[in-house]
Amino acid sequence: MTAFWTEPDYDDHELVELVRDPHSGLTAIIAVHSTHLGPGAGGTRFWHYAEPKDAMRDALRLSRGMSYKNAMAGLPMGGGKAVILADEDGTKTPDLLAAFGDAVEALGGKYVTAEDVGIGEADMSAVAERTSYVSGLPVEDGQAGGDPGPFTAMGIYLGIKAAVEHKLGKDSMEGVHVAIQGTGSVGGGVARLLAKDGAKLTLSDIDEDRAARLASELGANTVSPDRIMGVTCDVFSPNALGAILDDEGVARLDCAIVAGGANNQLARAHHGKVLADRGILYAPDYVINAGGIISVTLEYLCRTEGQPCDINEVRKRIAQIPERLVEIWRESERSDLSPDVVADRMAQERIGRR
Ligand code: NAD
(Lines give C-alpha, C1' and ligand atoms only; values in the text may rest on other atoms or scores of the structure.)
Protein backbone atom coordinates (compact mmCIF):
# COMPACT_ATOMS: atom_id res chain seq x y z
CA MET A 1 0.00 0.00 0.00
CA THR A 2 1.17 3.52 -0.68
CA ALA A 3 2.00 5.67 2.31
CA PHE A 4 -1.62 6.68 2.87
CA TRP A 5 -0.65 9.34 5.40
CA THR A 6 0.98 11.32 2.59
CA GLU A 7 -2.25 11.34 0.52
CA PRO A 8 -3.90 14.79 0.22
CA ASP A 9 -7.15 13.36 1.61
CA TYR A 10 -5.52 11.93 4.73
CA ASP A 11 -6.93 13.86 7.67
CA ASP A 12 -5.45 12.22 10.75
CA HIS A 13 -7.57 9.13 10.16
CA GLU A 14 -7.37 6.89 13.21
CA LEU A 15 -7.10 3.69 11.24
CA VAL A 16 -6.53 2.72 7.62
CA GLU A 17 -6.29 -0.97 6.96
CA LEU A 18 -5.61 -2.92 3.81
CA VAL A 19 -7.42 -6.24 3.83
CA ARG A 20 -6.20 -9.04 1.55
CA ASP A 21 -7.58 -12.55 1.44
CA PRO A 22 -5.96 -14.59 -1.35
CA HIS A 23 -8.38 -17.49 -0.88
CA SER A 24 -11.50 -15.45 -1.76
CA GLY A 25 -9.72 -12.77 -3.81
CA LEU A 26 -10.80 -10.02 -1.40
CA THR A 27 -8.93 -6.73 -1.52
CA ALA A 28 -10.50 -4.02 0.61
CA ILE A 29 -9.59 -0.86 2.45
CA ILE A 30 -11.25 -0.02 5.75
CA ALA A 31 -10.76 3.56 6.91
CA VAL A 32 -11.88 4.92 10.26
CA HIS A 33 -11.61 8.69 10.40
CA SER A 34 -12.80 9.34 13.95
CA THR A 35 -14.19 7.37 16.86
CA HIS A 36 -14.53 10.47 19.06
CA LEU A 37 -18.33 10.14 19.23
CA GLY A 38 -18.59 6.36 18.84
CA PRO A 39 -17.64 3.52 16.50
CA GLY A 40 -16.63 4.60 13.00
CA ALA A 41 -19.85 3.99 11.06
CA GLY A 42 -20.34 4.10 7.30
CA GLY A 43 -21.18 1.83 4.41
CA THR A 44 -19.12 -0.48 2.25
CA ARG A 45 -18.66 0.43 -1.39
CA PHE A 46 -18.10 -2.36 -3.94
CA TRP A 47 -16.53 -0.80 -7.01
CA HIS A 48 -14.03 -1.51 -9.75
CA TYR A 49 -11.40 1.23 -9.49
CA ALA A 50 -9.11 2.03 -12.41
CA GLU A 51 -6.24 2.58 -9.95
CA PRO A 52 -5.83 1.42 -6.32
CA LYS A 53 -5.08 5.03 -5.35
CA ASP A 54 -8.65 5.95 -6.39
CA ALA A 55 -9.94 3.38 -3.91
CA MET A 56 -7.73 4.86 -1.19
CA ARG A 57 -8.98 8.36 -1.99
CA ASP A 58 -12.60 7.20 -1.76
CA ALA A 59 -11.99 5.45 1.56
CA LEU A 60 -10.26 8.51 3.06
CA ARG A 61 -12.75 11.10 1.78
CA LEU A 62 -15.90 9.10 2.42
CA SER A 63 -14.89 8.10 5.96
CA ARG A 64 -14.21 11.73 6.89
CA GLY A 65 -17.56 12.65 5.34
CA MET A 66 -19.24 10.07 7.57
CA SER A 67 -17.61 11.59 10.69
CA TYR A 68 -19.13 14.94 9.74
CA LYS A 69 -22.52 13.51 8.77
CA ASN A 70 -22.94 11.43 11.93
CA ALA A 71 -21.76 14.29 14.14
CA MET A 72 -24.17 16.78 12.59
CA ALA A 73 -27.03 14.28 12.84
CA GLY A 74 -26.41 14.10 16.59
CA LEU A 75 -25.66 10.36 16.42
CA PRO A 76 -23.33 8.60 18.87
CA MET A 77 -21.19 7.32 16.00
CA GLY A 78 -17.88 8.26 14.46
CA GLY A 79 -17.01 8.04 10.79
CA GLY A 80 -15.74 5.10 8.77
CA LYS A 81 -16.01 3.63 5.33
CA ALA A 82 -14.89 0.48 3.55
CA VAL A 83 -14.21 -0.04 -0.12
CA ILE A 84 -13.97 -3.46 -1.69
CA LEU A 85 -11.87 -3.34 -4.86
CA ALA A 86 -13.99 -5.31 -7.31
CA ASP A 87 -12.47 -6.98 -10.37
CA GLU A 88 -13.50 -5.81 -13.84
CA ASP A 89 -16.46 -8.21 -13.88
CA GLY A 90 -17.62 -7.20 -10.42
CA THR A 91 -17.33 -10.78 -9.11
CA LYS A 92 -18.89 -10.94 -5.66
CA THR A 93 -18.85 -14.37 -4.00
CA PRO A 94 -20.08 -15.63 -0.61
CA ASP A 95 -16.43 -16.34 0.29
CA LEU A 96 -15.45 -12.76 -0.46
CA LEU A 97 -18.27 -11.35 1.69
CA ALA A 98 -17.40 -13.80 4.48
CA ALA A 99 -13.75 -12.70 4.40
CA PHE A 100 -14.86 -9.09 4.51
CA GLY A 101 -17.11 -9.87 7.51
CA ASP A 102 -14.13 -11.48 9.27
CA ALA A 103 -12.04 -8.35 8.67
CA VAL A 104 -14.77 -6.11 10.16
CA GLU A 105 -15.09 -8.47 13.14
CA ALA A 106 -11.33 -8.39 13.70
CA LEU A 107 -11.50 -4.64 14.28
CA GLY A 108 -13.54 -5.39 17.40
CA GLY A 109 -16.21 -2.72 16.85
CA LYS A 110 -14.03 0.21 15.79
CA TYR A 111 -15.85 0.06 12.46
CA VAL A 112 -19.56 -0.64 11.84
CA THR A 113 -20.52 -1.31 8.25
CA ALA A 114 -23.69 -0.97 6.12
CA GLU A 115 -24.75 -0.82 2.47
CA ASP A 116 -23.31 1.62 -0.05
CA VAL A 117 -22.94 1.66 -3.84
CA GLY A 118 -22.73 -1.93 -5.11
CA ILE A 119 -23.71 -3.54 -1.81
CA GLY A 120 -27.32 -4.48 -1.06
CA GLU A 121 -29.30 -5.78 1.89
CA ALA A 122 -28.63 -9.44 0.95
CA ASP A 123 -24.86 -8.76 0.90
CA MET A 124 -25.05 -7.17 4.36
CA SER A 125 -26.99 -10.17 5.63
CA ALA A 126 -24.12 -12.36 4.37
CA VAL A 127 -21.54 -10.13 6.11
CA ALA A 128 -23.66 -10.31 9.28
CA GLU A 129 -23.05 -14.07 9.42
CA ARG A 130 -19.44 -13.27 10.36
CA THR A 131 -19.73 -10.07 12.40
CA SER A 132 -22.26 -8.24 14.53
CA TYR A 133 -20.79 -4.85 13.60
CA VAL A 134 -23.32 -4.40 10.80
CA SER A 135 -26.39 -2.23 10.22
CA GLY A 136 -28.80 -1.97 7.31
CA LEU A 137 -30.25 -5.44 7.90
CA PRO A 138 -33.88 -6.35 7.12
CA VAL A 139 -36.32 -5.11 9.78
CA GLU A 140 -40.01 -5.49 10.55
CA ASP A 141 -42.53 -2.79 9.60
CA GLY A 142 -42.70 0.06 12.09
CA GLN A 143 -39.08 -0.39 13.19
CA ALA A 144 -36.04 1.77 12.49
CA GLY A 145 -33.96 0.56 9.56
CA GLY A 146 -34.77 -0.98 6.19
CA ASP A 147 -34.50 1.01 2.95
CA PRO A 148 -32.97 4.37 3.93
CA GLY A 149 -34.24 6.18 0.79
CA PRO A 150 -37.66 7.27 2.14
CA PHE A 151 -36.07 8.56 5.37
CA THR A 152 -33.48 10.51 3.40
CA ALA A 153 -36.28 11.95 1.23
CA MET A 154 -38.24 13.02 4.32
CA GLY A 155 -35.25 14.96 5.71
CA ILE A 156 -34.67 16.68 2.37
CA TYR A 157 -38.34 17.61 2.06
CA LEU A 158 -38.26 19.19 5.55
CA GLY A 159 -34.95 20.90 4.74
CA ILE A 160 -36.35 22.38 1.52
CA LYS A 161 -39.33 23.77 3.43
CA ALA A 162 -36.98 25.34 5.99
CA ALA A 163 -34.86 26.86 3.21
CA VAL A 164 -37.93 28.32 1.49
CA GLU A 165 -39.04 29.90 4.74
CA HIS A 166 -35.54 31.19 5.53
CA LYS A 167 -34.70 32.58 2.10
CA LEU A 168 -38.08 33.43 0.59
CA GLY A 169 -40.10 34.08 3.76
CA LYS A 170 -42.80 31.59 2.69
CA ASP A 171 -44.34 29.16 5.15
CA SER A 172 -46.14 27.17 2.44
CA MET A 173 -44.83 25.25 -0.58
CA GLU A 174 -47.96 26.07 -2.61
CA GLY A 175 -46.73 27.25 -6.02
CA VAL A 176 -43.04 27.16 -5.03
CA HIS A 177 -41.11 25.87 -8.05
CA VAL A 178 -38.65 23.02 -7.34
CA ALA A 179 -36.43 21.54 -10.07
CA ILE A 180 -35.41 17.98 -9.16
CA GLN A 181 -32.37 16.29 -10.70
CA GLY A 182 -32.72 12.52 -10.33
CA THR A 183 -36.08 10.83 -9.67
CA GLY A 184 -34.81 7.64 -8.00
CA SER A 185 -35.36 6.52 -4.45
CA VAL A 186 -34.52 9.91 -2.90
CA GLY A 187 -35.52 12.38 -5.64
CA GLY A 188 -38.76 10.52 -6.33
CA GLY A 189 -39.64 10.53 -2.64
CA VAL A 190 -38.93 14.26 -2.35
CA ALA A 191 -41.10 14.95 -5.42
CA ARG A 192 -44.07 13.01 -4.00
CA LEU A 193 -43.90 14.84 -0.66
CA LEU A 194 -43.62 18.25 -2.32
CA ALA A 195 -46.47 17.50 -4.73
CA LYS A 196 -48.80 16.90 -1.78
CA ASP A 197 -48.03 20.46 -0.63
CA GLY A 198 -48.89 21.97 -4.01
CA ALA A 199 -45.32 22.74 -5.11
CA LYS A 200 -44.71 23.25 -8.84
CA LEU A 201 -42.28 20.55 -9.96
CA THR A 202 -39.88 20.15 -12.87
CA LEU A 203 -38.30 16.69 -12.97
CA SER A 204 -35.35 15.25 -14.82
CA ASP A 205 -33.60 11.88 -14.96
CA ILE A 206 -31.22 10.23 -17.42
CA ASP A 207 -33.82 7.47 -17.32
CA GLU A 208 -36.29 9.73 -19.10
CA ASP A 209 -39.15 7.20 -18.86
CA ARG A 210 -38.75 7.12 -15.11
CA ALA A 211 -39.02 10.92 -14.87
CA ALA A 212 -41.96 10.95 -17.31
CA ARG A 213 -43.89 8.31 -15.33
CA LEU A 214 -43.44 10.24 -12.09
CA ALA A 215 -44.32 13.53 -13.78
CA SER A 216 -47.58 12.13 -15.08
CA GLU A 217 -48.42 10.70 -11.64
CA LEU A 218 -47.77 14.07 -9.95
CA GLY A 219 -48.86 16.49 -12.68
CA ALA A 220 -45.28 17.78 -13.03
CA ASN A 221 -43.17 18.88 -16.00
CA THR A 222 -39.98 17.22 -17.22
CA VAL A 223 -36.87 18.55 -18.95
CA SER A 224 -33.89 16.72 -20.42
CA PRO A 225 -30.93 16.04 -18.05
CA ASP A 226 -28.75 18.68 -19.73
CA ARG A 227 -31.33 21.41 -18.99
CA ILE A 228 -32.34 20.76 -15.39
CA MET A 229 -29.60 22.89 -13.81
CA GLY A 230 -30.62 25.93 -15.87
CA VAL A 231 -34.35 25.82 -15.07
CA THR A 232 -35.65 29.10 -13.65
CA CYS A 233 -37.03 28.02 -10.28
CA ASP A 234 -37.04 28.73 -6.55
CA VAL A 235 -35.20 25.56 -5.49
CA PHE A 236 -32.78 23.32 -7.37
CA SER A 237 -32.70 19.90 -5.70
CA PRO A 238 -29.82 17.63 -6.79
CA ASN A 239 -30.63 13.99 -6.07
CA ALA A 240 -28.46 12.12 -8.56
CA LEU A 241 -24.73 12.74 -8.84
CA GLY A 242 -22.03 14.40 -6.77
CA ALA A 243 -19.67 17.20 -7.90
CA ILE A 244 -22.35 18.91 -10.01
CA LEU A 245 -21.68 22.29 -8.38
CA ASP A 246 -18.56 23.18 -10.35
CA ASP A 247 -17.78 26.51 -12.07
CA GLU A 248 -20.03 25.76 -14.99
CA GLY A 249 -22.82 24.18 -12.94
CA VAL A 250 -23.07 27.06 -10.47
CA ALA A 251 -23.00 29.61 -13.32
CA ARG A 252 -25.98 27.91 -14.97
CA LEU A 253 -28.20 27.92 -11.88
CA ASP A 254 -31.21 30.25 -11.95
CA CYS A 255 -32.60 29.58 -8.47
CA ALA A 256 -32.59 31.01 -4.95
CA ILE A 257 -31.82 27.77 -3.11
CA VAL A 258 -29.85 24.54 -3.63
CA ALA A 259 -31.11 21.75 -1.37
CA GLY A 260 -30.94 18.08 -2.25
CA GLY A 261 -29.71 14.66 -1.25
CA ALA A 262 -26.77 13.88 -3.55
CA ASN A 263 -23.52 13.32 -1.66
CA ASN A 264 -20.53 15.63 -2.25
CA GLN A 265 -22.39 18.18 -4.38
CA LEU A 266 -19.61 20.80 -4.28
CA ALA A 267 -16.98 19.93 -6.90
CA ARG A 268 -14.33 21.80 -4.90
CA ALA A 269 -14.44 23.38 -1.46
CA HIS A 270 -14.51 26.94 -2.86
CA HIS A 271 -17.76 26.32 -4.78
CA GLY A 272 -19.70 26.86 -1.54
CA LYS A 273 -18.44 30.45 -1.57
CA VAL A 274 -19.18 30.80 -5.28
CA LEU A 275 -22.81 29.86 -4.54
CA ALA A 276 -22.98 32.28 -1.61
CA ASP A 277 -21.50 35.08 -3.73
CA ARG A 278 -24.30 34.51 -6.23
CA GLY A 279 -26.83 34.92 -3.40
CA ILE A 280 -27.90 31.27 -3.55
CA LEU A 281 -28.73 29.63 -0.20
CA TYR A 282 -27.04 26.22 0.07
CA ALA A 283 -28.16 23.39 2.36
CA PRO A 284 -24.93 21.44 3.13
CA ASP A 285 -25.46 17.97 1.66
CA TYR A 286 -24.36 15.87 4.60
CA VAL A 287 -26.64 17.79 6.95
CA ILE A 288 -29.81 17.68 4.84
CA ASN A 289 -29.38 14.08 3.63
CA ALA A 290 -28.87 12.46 7.06
CA GLY A 291 -32.35 10.88 7.31
CA GLY A 292 -31.18 7.50 6.05
CA ILE A 293 -28.17 7.27 8.36
CA ILE A 294 -30.37 8.23 11.31
CA SER A 295 -32.64 5.28 10.56
CA VAL A 296 -29.80 2.83 9.96
CA THR A 297 -27.97 3.90 13.12
CA LEU A 298 -31.05 3.59 15.31
CA GLU A 299 -31.55 0.10 13.87
CA TYR A 300 -28.00 -0.78 14.97
CA LEU A 301 -28.37 0.75 18.44
CA CYS A 302 -31.69 -1.05 18.87
CA ARG A 303 -30.13 -4.41 18.04
CA THR A 304 -26.87 -3.99 19.93
CA GLU A 305 -27.78 -1.76 22.88
CA GLY A 306 -31.51 -2.27 23.31
CA GLN A 307 -32.28 1.38 22.48
CA PRO A 308 -35.74 2.29 21.09
CA CYS A 309 -36.40 0.61 17.74
CA ASP A 310 -39.57 2.57 17.08
CA ILE A 311 -39.83 4.29 13.71
CA ASN A 312 -41.28 7.33 15.51
CA GLU A 313 -37.90 7.92 17.14
CA VAL A 314 -36.39 8.06 13.62
CA ARG A 315 -39.05 10.55 12.53
CA LYS A 316 -38.45 12.69 15.64
CA ARG A 317 -34.74 12.93 14.88
CA ILE A 318 -35.28 13.64 11.17
CA ALA A 319 -37.58 16.48 12.20
CA GLN A 320 -34.52 18.13 13.80
CA ILE A 321 -32.69 18.47 10.45
CA PRO A 322 -34.37 21.83 9.62
CA GLU A 323 -33.33 23.32 13.00
CA ARG A 324 -29.74 22.34 12.32
CA LEU A 325 -29.85 23.93 8.87
CA VAL A 326 -31.31 27.16 10.21
CA GLU A 327 -28.54 27.28 12.84
CA ILE A 328 -25.97 26.93 10.04
CA TRP A 329 -27.58 29.60 7.84
CA ARG A 330 -27.83 32.07 10.73
CA GLU A 331 -24.19 31.51 11.65
CA SER A 332 -23.25 31.88 7.98
CA GLU A 333 -24.98 35.27 7.84
CA ARG A 334 -23.40 36.35 11.10
CA SER A 335 -19.88 35.22 10.23
CA ASP A 336 -19.93 35.85 6.48
CA LEU A 337 -18.65 32.32 5.93
CA SER A 338 -20.50 30.12 3.43
CA PRO A 339 -22.87 27.49 4.91
CA ASP A 340 -20.63 24.56 3.90
CA VAL A 341 -17.70 26.08 5.81
CA VAL A 342 -19.90 26.75 8.84
CA ALA A 343 -21.17 23.14 8.75
CA ASP A 344 -17.62 21.75 8.45
CA ARG A 345 -16.51 23.81 11.44
CA MET A 346 -19.46 22.72 13.55
CA ALA A 347 -18.80 19.09 12.65
CA GLN A 348 -15.07 19.42 13.40
CA GLU A 349 -15.88 20.91 16.76
CA ARG A 350 -18.26 18.06 17.58
CA ILE A 351 -15.59 15.46 16.77
CA GLY A 352 -12.93 17.29 18.76
CA ARG A 353 -10.90 18.40 15.74
CA ARG A 354 -11.03 22.14 16.41
P1 NAD B 1 -31.10 6.00 -7.10
O2 NAD B 1 -30.14 5.18 -7.87
O3 NAD B 1 -32.36 5.40 -6.58
O4 NAD B 1 -31.54 7.27 -7.99
C5 NAD B 1 -30.65 8.09 -8.67
C6 NAD B 1 -31.35 8.55 -9.92
O7 NAD B 1 -30.54 9.54 -10.55
C8 NAD B 1 -31.56 7.44 -10.95
O9 NAD B 1 -32.91 7.42 -11.36
C10 NAD B 1 -30.62 7.83 -12.11
O11 NAD B 1 -31.11 7.44 -13.37
C12 NAD B 1 -30.59 9.34 -11.94
N13 NAD B 1 -29.45 10.02 -12.57
C14 NAD B 1 -28.16 9.63 -12.66
N15 NAD B 1 -27.44 10.56 -13.31
C16 NAD B 1 -28.28 11.57 -13.62
C17 NAD B 1 -28.13 12.81 -14.28
N18 NAD B 1 -26.95 13.20 -14.77
N19 NAD B 1 -29.22 13.61 -14.42
C20 NAD B 1 -30.42 13.23 -13.94
N21 NAD B 1 -30.61 12.05 -13.31
C22 NAD B 1 -29.56 11.24 -13.16
O23 NAD B 1 -30.24 6.66 -5.93
P24 NAD B 1 -30.78 7.35 -4.60
O25 NAD B 1 -30.76 6.36 -3.49
O26 NAD B 1 -32.04 8.08 -4.91
O27 NAD B 1 -29.60 8.38 -4.30
C28 NAD B 1 -29.52 9.63 -4.98
C29 NAD B 1 -28.37 10.44 -4.42
O30 NAD B 1 -28.56 10.65 -3.03
C31 NAD B 1 -26.99 9.77 -4.54
O32 NAD B 1 -26.03 10.77 -4.75
C33 NAD B 1 -26.79 9.14 -3.18
O34 NAD B 1 -25.41 9.00 -2.88
C35 NAD B 1 -27.43 10.18 -2.30
N36 NAD B 1 -27.89 9.68 -1.01
C37 NAD B 1 -28.78 8.68 -0.94
C38 NAD B 1 -29.22 8.23 0.30
C39 NAD B 1 -30.26 7.14 0.42
O40 NAD B 1 -30.77 6.94 1.53
N41 NAD B 1 -30.62 6.44 -0.66
C42 NAD B 1 -28.72 8.81 1.48
C43 NAD B 1 -27.80 9.87 1.38
C44 NAD B 1 -27.39 10.28 0.13
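Listed values, structure above:
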read-out	value
Helical mean residue ellipticity (222 nm; -39500 (n - 2.57) per DSSP H run of 4+; nearest 500) of the chain	-13000 deg cm²/dmol
Residues of the chain: accessible area per residue with a 1.4 Å probe, Å²	44
Of all accessible heavy-atom area on the range 286-348, the percent that carbon and sulfur account for (1.4 Å)	45
Relative contact order (%) - criterion: Cα under 8 Å, at least six apart; region: the chain	16
Protein accessible area in the range 8-167, 1.4 Å probe - carbon and sulfur %	47
Within the range 86-156: Cβ-based charge dipole about Cα centre, in debye rounded to nearest 20 (Lys, Arg +1; Asp, Glu -1)	320
Largest-first ordering by accessible area, 1.4 Å probe, given options GLU323, GLU313	GLU323, GLU313
Trypsin sites (Lys or Arg not before Pro) within the range 252-301, DSSP loop, no more than 15 other Cβ atoms inside 10 Å	ARG268, ARG278
Hits among aspartates and glutamates - C-alpha to C-alpha of LYS81 under 13 Å, sequence gap 8 or more where chains match	GLU14, GLU17, ASP58, GLU115, ASP116
For the range 170-319, with +1 on Lys and Arg beta carbons and -1 on Asp and Glu, the positive-most of VAL296, HIS271, ILE206 along the dipole	VAL296
About the Cα centre, charge dipole magnitude for the chain (Lys/Arg +1, Asp/Glu -1 at Cβ), debye	960
Accessible area of HIS270 in the full protein assembly, 1.4 Å probe (Å², nearest 10)	100
Proximal lysines relative to LYS161, as straight alpha-carbon distance under 24 Å, when same-chain residues fewer than 8 apart are discounted	LYS69, LYS170, LYS196, LYS200, LYS273, LYS316
Probe 1.4 Å - accessible area at TYR300, Å² to nearest ten	20
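The values are calculated or read from the model by the stated rules, or taken from the named source; none is laboratory data. Note that the structure is predicted; figures quoted are calculated from it, not measured. Every residue, glycine among them, receives a Cβ derived from its backbone with ideal geometry; neighbour counts consider all protein chains shown. Quick note on the areas: whole protein, heavy atoms, side chains included, nothing else; ligands and nucleic acids left out. Shrake-Rupley method; radii C 1.70, N 1.55, O 1.52, S 1.80 Å.
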